[in-house]
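The structure under discussion appears below in the form of structure tokens.
The values are calculated or read from the model by the stated rules, or taken from the named source; none is laboratory data. Bear in mind the structure is a predicted one, so any value in this text is a computation, not a measurement. Note that we place each Cβ from the backbone using ideal geometry, even for glycine, and neighbour counts take in every protein chain shown. The area values use the complete protein model at the heavy-atom level, side chains included, leaving out ligands, DNA and RNA. Shrake-Rupley method; radii C 1.70, N 1.55, O 1.52, S 1.80 Å.
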Amino acid sequence: MDSLTPVIPDFGDPIGLLLACHSKMRAQCDTLEKLPLHLAANGVDDDASIAVRKIIIYFTTSAAHHHQDEEEDVFPALLYQSPQSADLIHELQRQHTELNRTWDALKCLLDKTQQSAEATQLNSRIEIFCHLYRNHLNYEEEKLFSLVPDILSRRQLDDIGNSMARRRGIKQS
């Protein structure tokens with residue numbers, strides 16, 4: 001394999017896969033943040049419509065699965081092995097709830113963007129959403145994913161990876 005080609009983790013490395021998803025979330029936020037400027041310069045053109053559609057699909061499917069992976073698999077396994085992680089898990093769940101609520105409001109505006117650009121309100125919602133998301137990702141990486149390798153067993157990680165694959169309709173061997 002070419003050493004310049006990044007290795008994409010698979011379900012055998014569920015934490016690596018979740019971290020790779022964080023990179024994709026940051027990239028989606030980057031695209032979101034460019035949208036108001038693009039709309040101001042070009043209106044709702046094909047590029048804007050395609051970008052909005054991809055962003056909506058990403059945050060309503062992949063990002064939603066990501067949160068489910070954590071809440072249904074990683075958090076319970078971590079809590080079982082490390083009851084002292086309860087405060088951390090509670091804070092991450094609170095952040096997920098806030099992100100979901102913020103996404104719902106932004107998605108409504110993005111849906112409307114397909115017809116007309118409401119630049120001021122859209123820009124504000126995008127800034128809030130991306131700020132919250134980036135802070136959450138950084139917090140999760142620093143506080144949660146740094147703990148997991150020392151606490152969860154290989155078997156638990158395999159179970160988490162298998163559950164993640166099932167959630168996406170992928171059969172594991």
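Among all residues of the stretch 112-120, there is none that is open to solvent by less than 60 Å² (accessible area, probe 1.4 Å) and at pLDDT 90 or above. A Cβ distance below 9 Å, combined with a sequence gap of six or more or placement on separate chains, defines the contacts here; from the stretch 90-109, residues that are acidic (Asp, Glu) reach residues that are in a helix (DSSP H, G or I) and open to solvent by 30 Å² or more (accessible area, probe 1.4 Å) in the pairs Glu91/Tyr139; Glu91/Lys143; Glu98/Leu132.
Every residue, every condition in (1) open to solvent by 40 Å² or more (accessible area, probe 1.4 Å); (2) over 15 Å from the mean Cα position of the chain (by Cα); (3) more than 20 Å from Ser85 (Cβ to Cβ), yes or no:
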position	(1), (2), (3)
Leu122	no, yes, yes
His131	yes, no, yes
Arg134	yes, no, yes
Leu137	no, no, no
Glu140	no, no, no
Arg154	yes, yes, no
Asp159	yes, yes, no
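Filtered by the rule that a residue be farther than 21 Å from Arg155 by Cα and either at pLDDT below 95 or of a type in the set (D, E, K, R) (or both), the stretch 63-83 gives no residues. Just wondering, is there one or more residues in the stretch 124-137 that are modelled with pLDDT under 95 and either among the polar types (S, T, N, Q) or farther than 15 Å from Ile55 by Cβ (or both)? Among the residues of the stretch 124-137, at least one is modelled with pLDDT under 95 and either among the polar types (S, T, N, Q) or farther than 15 Å from Ile55 by Cβ (or both), which makes the answer yes.
Scanning the stretch 31-59 for residues that are open to solvent by less than 60 Å² (accessible area, probe 1.4 Å), within 20 Å of Phe129 (Cα to Cα) and in contact (Cβ under 8 Å) with a residue 40 or more places away in the chain turns up Leu32, Leu35, Pro36, Leu39, Ala48, Ser49, Val52, Ile55, Ile56, Phe59.
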